[in-house]
Amino acid sequence: MAKLRVMIVDPSLYNRMVLNNILVSNGYSVCCEVSNGFDALANYEKARPDVVIVEATMPDQDGVATIGALRSKHLDCRAVLMASAGQRSDVCQAMSAGAVDFIPKPINERRVLSVLKKL
């Protein structure tokens, strides 16, 4: 089975690099990296990802709002929220907005791969 095409949405260049390295080294394709929710919306159709990994805390539009906007415009969008333990309410809100799962932070290769394998 082909590995998923992933869009990464995170304002932190460091986090995007870490996640990209984990994904690529495990055979996933990173089709797009953006630093905010507005760019995720603008690039979704062109990138055509199988899954979008979205950071919970972002300026202007947080991860929950980004997932809600993606899902309202693209019903088939599979989005995963990336959040720290202190953001439990964000995880619940993201799941209500249509997220299919969440990745706990700090970013851990085993956890990232476990979530993606379920999709």
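Among the residues of region 93-105 satisfying the criterion of being without any contact (Cβ under 8 Å) to a residue 24 or more places away in the chain and not hydrophobic (A, V, I, L, M, F, W, C), which is surrounded by the fewest Cβ atoms within 10 Å (Cβ to Cβ)?
SER96
Going through region 94-119 one residue at a time, which ones are touching a helix residue (DSSP H, G or I) at 6+ places or on another chain (Cβ under 9 Å) and of a type in the set (Lys, Arg)?
Matches in region 94-119: LYS105 only.
Would you please list the contacts, defined by Cβ atoms under 8 Å and residues six or more apart or on different chains, that run from a residue in region 76-92 that is at pLDDT below 80 to a residue that is among the small types (Gly, Ala, Ser) and surrounded by 13 or more Cβ atoms within 10 Å (Cβ to Cβ)?
Once the first residue is at pLDDT below 80 and sits in region 76-92, its partners that are among the small types (Gly, Ala, Ser) and surrounded by 13 or more Cβ atoms within 10 Å (Cβ to Cβ) give GLN87/ALA56; ASP90/ALA56; ASP90/GLY63; ASP90/ALA83.
For region 70-110, what are the residues that are out of contact with any Phe, Trp or Tyr (no Cβ under 9 Å at 6 or more places or on another chain), basic (Lys, Arg) and not in a strand (DSSP E or B)?
ARG71, ARG78, ARG88, ARG110
Which ones in region 106-119 are surrounded by 15 or more Cβ atoms within 10 Å (Cβ to Cβ) and closer than 11 Å to VAL18 by Cβ?
ILE107, VAL112
Those residues that are under 20 Å from LYS117 (Cα atoms), touching a Pro at 6+ places or on another chain (Cβ under 8 Å) and surrounded by fewer than 18 Cβ atoms within 10 Å (Cβ to Cβ), I need them from region 5-30; list them, please.
ARG5, the sole residue that qualifies.
So, in region 1-52, exactly how many residues are touching an Asp or Glu at 6+ places or on another chain (Cβ under 8 Å), closer than 15 Å to HIS74 by Cβ and of a type outside the set (A, V, I, L, M, F, W, C)?
Of the residues in that region, 2 qualify.
Among the residues in region 65-85, are any of a type in the set (Val, Ile, Thr), crowded, with 17+ Cβ neighbours inside 10 Å, in contact with a Leu (Cβ under 7 Å, 6 or more places away or on another chain) and under 19 Å from ASN15 (Cα atoms)?
The answer is yes; a qualifying residue exists.
The values are calculated or read from the model by the stated rules, or taken from the named source; none is laboratory data. Small disclaimer: the values here were computed from a predicted structure and weren't measured. Positions of Cβ are generated from backbone atoms using ideal geometry, with glycine treated the same way; all protein chains shown enter the neighbour counts.
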